Amino acid sequence: MISLKSVRHRYNSVNTVELPDIDLQSGTDLLVLGLSGSGKSTLLHILAGLLKPTEGSYTLQGTNLYALNESERDQYRGKNIGVIFQQMHLISTLTVFDNLKLAQYLAGLKPNSERIEQLCTDLDIADKLKSFPDELSQGQKQRVSIARAVVNKPVLLLADEPTSSLDDLRSNDVVLLLKDQAEKNDATLIISTHDHRVKSHFNNVVDIDKIQKEVV
Ligand code: ADP
Ligand code: MG
């Protein structure tokens, strides 16, 4: 379902990131462990179709995302990949409901209010549908960004250090919430973190500190 082979990304003459080979069947999960600077965000951006690696191959469901043109790739991503970044990028002038509706629209899908309402009920933010992002707590904003990532039922759900700013208890809650949403949507879940405590929740773990080498 996901195949990443021999990928390295050369940002410039001094920064080359070497990434692990990844071969995942659909519906499974992967935890990407690594210290700061080890390449977690680079890996997730490549998997999301946001950064074309300078070497190696990547296919998702047999599709080479980087062979598509930019607008095809944006649409493919909108329909098939849900991404949760540390910076949530919610649109502050739109309500929670409209932020989610926009995600459907941008993927070229029909607006589906029922889906939005059902999802927000499931994520316990149904009473916030008419609120603006600035009126929400950090935790609620994060739930909106999870809702936005899964609203189009992606086959792949990516979360880059979703727990880094949270205390232990909340961090565990968010991991379980992501797992639950991935399962309900039959999505493959890939989370990056430097936090080894969440390992036990995952079927597959890759430690990129061990793979990362000094490459010149
Ligand atoms: P992590 O997310 O694990 O902290 P990153 O993927 O952000 O790691 O970074 C991996 C390496 O790539 C680091 O050495 C970083 O300095 C370098 N890097 C990341 N983004 C850029 C960029 N835009 N330009 C140059 N080097 C970069
Ligand atoms: Mg990072």
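The values are calculated or read from the model by the stated rules, or taken from the named source; none is laboratory data. As the structure is a prediction and not an experimental result, all values here were calculated from the model. Positions of Cβ are backbone-derived with ideal geometry, glycine not excepted, and every protein chain shown enters the neighbour counts. Quick note on the areas: whole protein, heavy atoms, side chains included, nothing else; ligands and nucleic acids left out. Shrake-Rupley method; radii C 1.70, N 1.55, O 1.52, S 1.80 Å.
So if we plug the beta-carbon distance of Leu176 and Gln61 into 1/(1 + (r/R0)^6) with R0 = 30 Å, what FRET efficiency do we get, rounded to 0.05?
Working: r = 26 Å, r/R0 = 0.88.
Result of the calculation: an efficiency of 0.70.
The mean sequence separation of alpha-carbon pairs under 8 Å and at least six residues apart, normalised by the residue count of region 147-216, gives a relative contact order of 36 percent. Sparsely packed loop sites in region 1-79 (the chymotrypsin sites (Phe, Trp or Tyr not before Pro) outside DSSP H, G, I, E and B with at most 15 other Cβ atoms within 10 Å) comprise Tyr11. Based on C-alpha pairs under 8 angstrom that are at least 6 apart in sequence, the chain has a relative contact order of 32 percent. With R₀ fixed at 25 Å, the C-beta to C-beta distance from Leu169 to Glu114 puts the FRET efficiency at about 0.15. Taking a label point 7 Å from the Cα of Tyr11 along the Cα→Cβ vector, which residues of region 174-213 have an amide N closer than 15 Å to it? Counting only backbone N, you get 213. Rg and Dmax over the alpha-carbon atoms of region 125-216 stand at 15.0, 53 Å. Of Lys141, Lys179, Lys130, the residue with the greatest mean-square motion in the GNM of the chain, using alpha carbon springs below 10 Å, is Lys130.
Taken per residue, the accessible surface of the chain reaches 51 Å², heavy atoms only and a 1.4 Å probe. For region 7-118, the relative contact order is 19 percent, taking Cα pairs closer than 8 Å that sit 6 or more residues apart in sequence and dividing their mean separation by the residue count.
The share of accessible area on the chain that comes from carbon and sulfur is 47 percent, using a 1.4 angstrom probe.
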